[in-house]
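Take a look at the structure below.
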Amino acid sequence: GRILARYAEPGEVASSGRKIMRFASDSEGWLVRVGLAQREVARIRIGNEAVISFAGMPEPLRARVARIAEEADAASRTTLVELRLASLPPSGLRSGMVGRAVITPEKCSLRPVLPLSALVEGDGLKAYVFRVEPPYSVDNLSVARRTLVEVAEITDAGAVLRSALPPQTTIVTTGAELLTDGAAVLPNPHWPLASK
């Protein structure tokens, strides 16, 4: 390892608990620390691959996620993630340098995203939507069915559902708050409908 900083001079009397030097050991390899936002860290797992690039270095370095902190930093609201380099870094890399890391997260399944106007009677992360069933009557009217869904998160795009919806499901997005379960509806092709 190497001494990165010295806080006391030879022969100086130091009180207990005072820093004498800062020492960096490379016996366990090189680590890069990254602060991730809550939405990003939720998809990261130990062992995920990462690529780290530094200004002035010709080639990016390969790494893997080695540790994910158990709590978020109170000031920045980010979670510390440590990336362990896969091989020894080039000689120009120094402790404390700032780089850019791209972590390849776990693949996640596709989730339906609905406009917020489609949600009715929400309670916490649960809400109801009205699913439009195909017409069964002679006058070509469809039936609106009240369906319980679980919301994973609210984004700028709308409500991301944790619940899966069957393929080709049509959801009422305008006037859903006026419907009751089993109500006869005639979808207007000019009004917005959410389809999975």
Local net charge near R6, Cβ-Cβ under 14 Å (Lys/Arg +1, Asp/Glu -1):
+2
Per residue accessible area of the chain, 1.4 Å probe, in Å²:
70 Å²
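Pairs of alpha-carbon atoms within less than 8 angstrom and 6+ residues apart define the contacts here; what relative contact order does region 38-192 have, in percent?
About 19 percent, as a whole number.
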Three-way shape label, region 90-133, alpha-carbon gyration tensor, a/c 1.5:
prolate
State the Kirkwood hydrodynamic radius of the chain in Å, one decimal place, computed from all pairs of distinct Cα atoms.
21.7 Å
Carbon plus sulfur fraction of accessible area for region 1-153, probe 1.4 Å, in percent
52 percent
Please list, ordered by chain and number, the residues whose modelled amide H lies under 5 Å from the amide H of N48; skip anything fewer than 5 residues away on the same chain.
V65
State the extension gain, in nm to one decimal, for the chain segment bounded by L148 and S76, taking 0.36 nm per residue of separation less the distance between their alpha-carbons.
22.3 nm
In whole Hz and in residue order, list the ³J(HN,Hα) couplings for region 62-71 that follow from phi through the Karplus curve 6.51 cos²θ - 1.76 cosθ + 1.60, θ = phi - 60°; x for Gly and Pro.
8, 8, 9, 5, 9, 7, 10, 4, 7, 9
Can you pull out the trypsin sites (Lys or Arg not before Pro) in region 101-134 that DSSP calls coil and that have at most 15 other Cβ atoms within 10 Å?
K107
Short version: ³J(HN,Hα) in whole Hz for each residue of region 145-155, in order, from phi by Karplus 6.51 cos²θ - 1.76 cosθ + 1.60 (θ = phi - 60°), x for Gly and Pro, what are they?
10, 6, 10, 7, 10, 10, 8, 7, 6, 9, 10
How long, wide and thick is region 1-82, going by the Cα atoms along their three principal axes, in whole angstroms, largest first?
51, 35, 23
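The values are calculated or read from the model by the stated rules, or taken from the named source; none is laboratory data. In this text the structure is predicted, and so the values were computed from the model without any measurement. Virtual Cβ from ideal backbone geometry, glycine too; neighbours counted across all protein chains shown. Ligands, DNA and RNA are stripped out before the accessible areas are found, and what is left, the full protein with its side chains, is counted by its heavy atoms. Shrake-Rupley method; radii C 1.70, N 1.55, O 1.52, S 1.80 Å.
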